[in-house]
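Only one structure is covered here, and it is reproduced in the block below.
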Amino acid sequence: MNPTEIPAAGIPWSEAIAALDGGSAPPPAITDAQPLLRHWHPDHSAGGPRRLAVGASAGQDCPAALADLLQADALIDDIDIAGCATVSTEVLVIGGGGAGCIAALTAAEAGAKVLLTTKLGLGDSNTVMAEGGIQCAVGAEDSLQTHFEDTLRGGQMAGDRALVAALVGDGPASVRWLIERGMTFDMEEGQGPSGRLRRKRAGGTRVPRILSFRDVTGLEMMRVLREAAGLHPRITVWNRSPVVELLSDETGGCVGAVIYSLHLHRFVLIRARSVVMATGGAGRLHLNGFPTSNHLGATADGLVLAYRMGARLREPDSFQYHPTGIAWPPALRGQLISEAARSLGATLVNGHGHRFVDELSPRDVVAAAILRECGEGRGVLRDGCVGVLLDTPALERARPGILKTTLVTLCHLAHKAGIDPAREPVPVYPTLHYQNGGIAIGTDGGTEVPGLYCAGEVSGGIHGRNRLMGNALLELVGFGRRAGAAAAAFQPVRPSGRANLGHVQEWRRALVAAGLPLDVKAPVLFPPIAGFDLAADRALGRSDLSARSLEAALQVL
Amino acid sequence: MVNLTIDGRPASVPEGTTIVLAAATAGIALTTNVGCMGQGVCGACRALVRRTGEPEVRTALACETPVEDGMQVSFLDRVAPRRPHAYSETDLVDGWTAYERVLAVFPEAVRCRHCSGCDRACPKGLEVQKGVNLAASGDIAGAAAVFDLCVMCNLCVAACPEHIAPNHLGLFARRLAAAGTQRPADLIRRLHEITSGAMTIDADACTDKQP
Amino acid sequence: MAPEMTTNLVLTAPEHRVGADLDAWLSGSGGLGLRLALETPSGLISLMEAAGLRGLGGAGFPTFRKWAAAAAEPDPEKVVVCNGNEDEPGTFKDVFLLRETPHQVIEGALIAGLAIRARRVVLYVNPHARGAFDAVAKAVAQWQEHPLLAAVGAAVGGPLRLEAMRSPGLYIGGEETAVVSAVEGGFPFPRRKPPFPAASGVGGHPTVINNVETLATVSHIVRHGAAWYRGLGRNGAAGTKLFSLSGDVQRPGLYELPMGTPLSELIFVHGGGMLLGKEFKAVFTGGPSNTLLTRDELDVPMDFESVRARGSRLGTGAMIVVSEGTSIVRKVAEYVNFFAAGSCGQCPPCKTGSYQLAHLLQRIDTGLATRADLDAVEHLCDLLPGSGRCGLIDGAVTVVASSLQRFRSEYEGQLAGG
Ligand SMILES: Cc1cc2nc3c(=O)[nH]c(=O)nc-3n(C[C@H](O)[C@H](O)[C@H](O)COP(=O)(O)OP(=O)(O)OC[C@H]3O[C@@H](n4cnc5c(N)ncnc54)[C@H](O)[C@@H]3O)c2cc1C
Ligand SMILES: Cc1cc2nc3c(=O)[nH]c(=O)nc-3n(C[C@H](O)[C@H](O)[C@H](O)COP(=O)(O)O)c2cc1C
Ligand code: SF4
Ligand code: SF4
Ligand code: FES
């Protein structure tokens, strides 16, 4: 079944509300989730994965829409960058989310001169949107080993053990690093700043391990990181400057990138000793027609560029559909309702008022179960939007005041939707949320391409086939630091080599040899809704800008 | 359909649409002044909004504001503080000198003229002025709490005639409070267990899917 | 046409320029106006009406109306404030009057006090205006002991407090409701109108706020009569006007000319024409509402009505001349920046909107803007007016709109992508 074919059949809103009694029986236990996942999870959708024909991961499957981009031609040619302004830096960081800022800070603290270039404004990213929190095994009943095993199991045993061990092992030091930079974490009720950290339980984990700041953990993290990066004397930030291609030397190493300045309407070349790719995820590709929780810039650019240069992919066919995107109204469809609601005890019920899955199962299982309910006609319909119900009124009855004090973001979203969550349930439907796989990395964030490092959601191997809540934020701190340190220390074999589009020429030969079309171009930079057309935008550039005004303009980017 | 004007372009969209989505249909490229697209947390979509029949013009985050008939909307660029209020991580750790540092890094803070422009400008309804005044009088923790839900949209930066950069001051207070005072006992114990070698990971130990 | 060089100087006549010396002032024609006014205080308001005296601080609002409104209020504690805050670029007339002829100004303010039966007269002077406050303070001190002041007090039904105070020296401090806030001792925050100061001003008392130049004119009207005043102007306008001429002309300076003198005469006769080798492009008129006048408008008679008929404003009479080669966009951006910086902060749309305008203009000026940016500028010109409690944001918009109306092609030529 293809989940894009949203069933028109379902139970009308009013009937479903009437069926809601709040005292619903426990859900049926699932002993083996595999059949459910195979039948209902969008990774296995009928539209079908496509097998990659070129590149370092040829032979691997991935969603067709992504495959098109991974096997596309470059946006630019030599002619486009002839005579472009060039700037130099030691470490180039691509992407201004959490991973990018942390890599930049770490590299700069190691003494490197860093240029951070990002597509939107610094911090406008998936990171700032994270609500639930960050995993870190600090509990007395918890251990690094438990966290390690939960992560590996949650990822269906597909994760790279060394990477997972690095992730969880870094956890406590990562949280300390964040606090040292001024990030606040909630403490247990009644405890002062030297008491115990407040912990929540995430789906798929055995003990409460999520640390958070209210339900705006990503906001708290991102504003601290943005300020720290912005104030660091060795970091230069370029906003509105998406990378459109990487630069290679004769050995195939990565030695910089080409950015397109939305401010100047022209390309600028950046030469660097090493490059950290931190461009985040792919939600805005709306794979399989799903809504997404991601920010506007999540278009898989880094994945495409690194792959074109020879980096290998892991689990490129595995995506996380967060079970609880808001299902209605249409203008808000896809926006996230954090797992915190379920961690605190909110249940999911179908149109008959029945629970149908353990709400704290791994996300892929909960999402698949919701799709099953909707696919088999037990979903709830409101203005043509299908979903199931998150029973917030029952939660409020059980723990009065909890919505207002702890689920601020949920209330805010519900308010925008015109729903009072204390009295009305919130309709939910899975939303494309996270790229489980990505570019294959080592424990230092290094890829197969010399000089190219990756950190954050763009990289793969840690979460296997399903990421646990809170492990993405943890990853971007730990691996942001690892990649930043390694990039600062990296010494190229031939330091003064060329920097050009040599790898693109090779790539084109491969595309032609594989019989693939050259008329698909990538990365896409912006989703269609943004209405961005690179060619039209370039036509706005003035050729008569003096070198000096150009330089001055680059300073204020 | 709801009709409105955004940066001089007419838009006609169904009711319930947000201003940001309406802008897209009006042919405005969403390449700047937008980030999270609706969650209202990145602060990129600052706008001035005048509603029909209202003399007042208000600030808003366009991704969370539904369209209304006859609305006029102008997006606002991010206004950077007139000068950076620079400090480094080492400034954050010593609680005894935190107040000195607030005064040294944000000398403008004591000059608040109580115009309330920041309060009126804040799309999140924070008591910005109070936060500024708390920080300026040494109540760092109090100031920090005021800015709990600040999305750093910088509207208060643009609004403040004394160039105080209220949100950056608030963030400084937050960072001072966290870095200077937060010392979680459980985290410290776990760090000790790790550095002393008492807690390790056996990466080969787990082989089964079910716990 | 033979240029009509002005000979009938009133405010700037050499015999009036005696500085802070009260005896010197009273030994000439000084004091006569006040003595006459003391004889028939009840006729003063209609005299101003007959003379056609209008506010010379920029808005041209009929002076008698303000006075009549305040006079009609029963409150005995009325106030007159002489607004000497003059702070915008290109205007330097009030500083001259305050420094060189403080008694001329004080006498006018006392006559206004008589007219409305005020118990307090405040000279509100910009501390940055060189020499002005010292001269005024000295002059006020001399009046304190003088029987004329006591006579005015007796006429208004109680002692009259005459005082000089420093304004906060901020541009916004000149707006009339901001003047009220400042005289009350607070930050010069403008307030919503109504109530207008004439009904409720300083401390809630009815308050007349007049510009320095307006008040300086008053004693002469009392002395010489309405018809004389009307006869001073040209083209049917009344009185004289001080013009602050600056920019790319040979002889910048302060000129007192008949109201209604053509712009070309100010620039090419009195001002000696354009600086060598420069060609006239436009004039920015100064005042709370800045506008532009172009080559096509050189013939405009400089009086409130005629300039308004061309879609511009006379303002304070500041005429800033720019020559070909000057970027209008950049100049306008400078103005808007001035307004943005001067905005008091109370009204976010004023502050943030003017910054946004400045930002867009700077982008256009540096060749980085697109058509969409220009659309955004025009949209702001539509959205912003009236969004503040005072006229500052309207002023910022006026200069942008006026320049767009006259120099649109210059804006368009700067756009990226043509
Ligand atoms: C709504 C939401 C809630 C979440 N909640 C949680 C949670 O509670 N816990 C948790 O652990 N994880 C959570 N996640 C996941 C987590 O936030 C992200 O996986 C993580 O923040 C990714 O960080 P990043 O730095 O790799 O990418 P991002 O934060 O997305 O940053 C990538 C940056 O790169 C920029 N970029 C993209 N393309 C280019 C280009 N071509 N050139 C230059 N720059 C480019 C992007 O615009 C962006 O600024 C959540 C995600 C979302 C969307
Ligand atoms: C922003 C702003 C600034 C002003 N500054 C001055 C000033 O410096 N001096 C002045 O006389 N009038 C100034 N005015 C005009 C006053 O509000 C008021 O109209 C004037 O003082 C009245 O005097 P008049 O009627 O004699 O002109 C300003 C107005 C605005 C809106
Ligand atoms: S405090 Fe300032 S930056 Fe923060 S949300 Fe309010 S206006 Fe925006
Ligand atoms: S805008 Fe600035 S001066 Fe005005 S109240 Fe806020 S902090 Fe104070
Ligand atoms: S787009 Fe992020 S706050 Fe509006």
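The values are calculated or read from the model by the stated rules, or taken from the named source; none is laboratory data. Treat the numbers as computed from the prediction; the structure is a model and nothing was measured. Methodologically, a virtual Cβ is constructed for each residue, glycine included, from the backbone with ideal geometry; neighbour enumeration extends over all protein chains shown. What goes into the accessible areas is simple: the full protein's heavy atoms, side chains included, and nothing from ligands, DNA or RNA. Shrake-Rupley method; radii C 1.70, N 1.55, O 1.52, S 1.80 Å.
Okay, here's what the table says:
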read-out	value
Principal axis dimensions, largest first and in whole angstrom, of chain C by Cα	73, 51, 34
Cβ-Cβ FRET estimate between C:Glu39 and C:Gln250, R0 fixed at 60 Å, reported to 0.05	0.80
Radius ratio Rg over Rh of the stretch C:290-378, counting only Cα atoms, Kirkwood formula for Rh	1.02
Per-residue SASA entry for A:Ile179, accessible area with 1.4 Å probe, Å² rounded to 10	10 Å²
Near-label residues of the stretch C:366-392 by backbone N, under 13 Å of a point 7 Å along Cα→Cβ of C:Arg330	C:366-367
Chain A: calculated mean residue ellipticity at 222 nm from DSSP helix runs of at least 4, using -39500 (n - 2.57)	-9000 deg cm²/dmol
Pair-distance profile P(r), taking every C-alpha pair of the stretch C:328-413, with 10 angstrom steps and integer %	20, 57, 22, 2
Anisotropy class of the stretch C:59-125 from Cα gyration tensor, a/c 1.5 cut	prolate
For chain C, built as a Gaussian network whose Cα springs stay under 10 Å, the top-fluctuating residue of C:Ala139, C:Ala150, C:Ala129	C:Ala150
Contact order relative to length of the stretch C:36-88, as percent, for alpha carbon pairs under 8 angstrom and 6 or more apart	22 percent
Mean projected area in nm² (Cα convex hull; one quarter of hull surface) for the stretch A:92-242	9.7 nm²
Mean Cβ neighbour count within 10 Å, used as a protection proxy, ranking A:162-175, C:38-51 highest first	A:162-175, C:38-51
Semi-axes of the equivalent ellipsoid for the stretch B:2-75, Cα gyration tensor, largest first, Å	17, 14, 11
Check: the stretch C:1-141 dipole with +1 on Lys, Arg Cβ and -1 on Asp, Glu Cβ, in debye	220 debye
Other protein chain Cβ atoms within 10 Å, averaged over every residue that makes up B:140-149	2
Given charges at beta-carbon only (K, R positive; D, E negative), |dipole| of the stretch C:240-323 in Debye	180 debye
Quarter of Cα convex hull surface for the stretch C:257-412, i.e. mean projection, nm²	9.3 nm²
Net charge contributed by nearby residues that have their C-beta within less than 14 Å of A:Val244 (K/R +1, D/E -1)	-2
Paramagnetic reach from B:His163 (point 7 Å along Cα→Cβ, amide N under 20 Å) across the stretch C:116-157	C:128
Local net charge near B:Gly16, Cβ-Cβ under 13 Å (Lys/Arg +1, Asp/Glu -1)	-2
Structure-based [θ]222 nm, chain C - -39500 (n - 2.57) summed over DSSP H runs of at least 4, per residue, nearest 500	-13000 deg cm²/dmol
Estimated FRET transfer efficiency when R0 is 35 angstrom, pair A:Ala162-A:Asp68 (beta carbons, to 0.05)	0.65
For A:Arg199, net neighbour charge (Lys/Arg +1, Asp/Glu -1) across residues whose Cβ lies under 13 Å away	+1
Protein-only accessible surface order, largest first, of A:Arg226, B:Arg83 at 1.4 Å	B:Arg83, A:Arg226
The stretch C:131-270: Cα Rg divided by the 2.2 N^0.38 Å rule of thumb	1.30
Debye log10 I(q)/I(0) at q = 0.12, 0.15, 0.19 Å⁻¹ for the stretch A:149-308, Cα point scatterers	-0.82, -1.20, -1.43
Candidates per GluC sites (Glu not before Pro) in the stretch C:200-287, loop by DSSP, up to 13 other Cβ within 10 Å	C:Glu279
Relative contact order (percent, whole number), chain A, Cα cutoff 8 Å, 6+ residue spacing	25 percent
Residue range of chain B that is longest and free of trypsin sites (Lys or Arg not before Pro) which are both DSSP loop and sparsely packed (at most 13 other C-beta within 10 Å)	B:83-208
Cα-based equivalent ellipsoid of chain A: semi-axis lengths in Å, sorted from largest, via gyration tensor	39, 26, 22
Shape category assigned to the stretch B:34-86 from the gyration tensor of Cα positions, a/c cut at 1.5	oblate
Largest-first ordering by accessible area, 1.4 Å probe, given options B:Trp96, A:Trp328	B:Trp96, A:Trp328
Neighbour-limited loop hits for GluC sites (Glu not before Pro), the stretch A:129-235 (at most 10 other Cβ within 10 Å; DSSP other than H, G, I, E, B)	A:Glu141, A:Glu189
Leading residue at positive end of dipole, the protein assembly as shown (Cβ point charges), from A:Ile259, C:Leu38, A:Thr127	C:Leu38
Calculated on alpha-carbon atoms, Rg and Dmax of the stretch C:240-323 in Å	11.2, 33
Cross-link partners of B:Lys130 among aspartates and glutamates (Cα-Cα below 16 Å; sequence separation of 8 or more within a chain)	B:Glu108, B:Asp119, B:Asp139, B:Asp148, B:Glu162
Positive-end residue of A:Val408, C:Phe280, B:Leu4, charge dipole of the protein assembly as shown with Cβ unit charges	C:Phe280
Inter-site label distance for B:Val93 and C:Asp375 at 7 Å from Cα along Cβ, in nm	5.4 nm
Top positive-direction residue, dipole computed over the stretch B:2-75 with Cβ charges, set B:Gln39, B:Thr52, B:Val13	B:Gln39
Sparse-neighbourhood loop sites, trypsin sites (Lys or Arg not before Pro) in the stretch A:345-439 - DSSP loop, at most 10 other Cβ within 10 angstrom	A:Arg423
Selected from C:Gly311, C:Gly260, C:Gly60 as most flexible by GNM, with chain C as the system and alpha-carbon contacts under 10 Å	C:Gly311
Relative contact order, percent, chain C [alpha-carbon distance under 8 Å, six or more residues apart]	16 percent
Cα gyration tensor shape of the stretch A:57-130, rounded if a/c is under 1.5, else prolate or oblate by comparing a/b with b/c	oblate
Cβ-placed point charges (K, R +1; D, E -1), dipole of chain C about Cα centre in debye, nearest 20	460 debye
Cross-link table B:Lys124/C:Lys331; C:Lys331/C:Lys351; A:Lys416/C:Lys351; C:Lys278/C:Lys331; A:Lys119/A:Lys521; A:Lys416/B:Lys124, entries beyond 24 Å C-alpha to C-alpha	B:Lys124/C:Lys331; A:Lys416/C:Lys351
Distance histogram for the stretch C:14-231 (every C-alpha pair counted, 10 angstrom bins, percent rounded to whole numbers)	9, 38, 40, 12, 0
Longest to shortest principal axis, alpha-carbon extents of the stretch B:89-179, angstrom	34, 24, 18
Heavy atoms of B:Ile188: accessible area, 1.4 Å probe, square angstrom to 10	90 Å²
Pairwise FRET efficiency - A:Gln191 versus B:Ala145, Cβ, R0 = 25 Å, nearest 0.05	0.95
Spherically averaged projected area of the protein assembly as shown from its Cα convex hull (nm²)	50.2 nm²
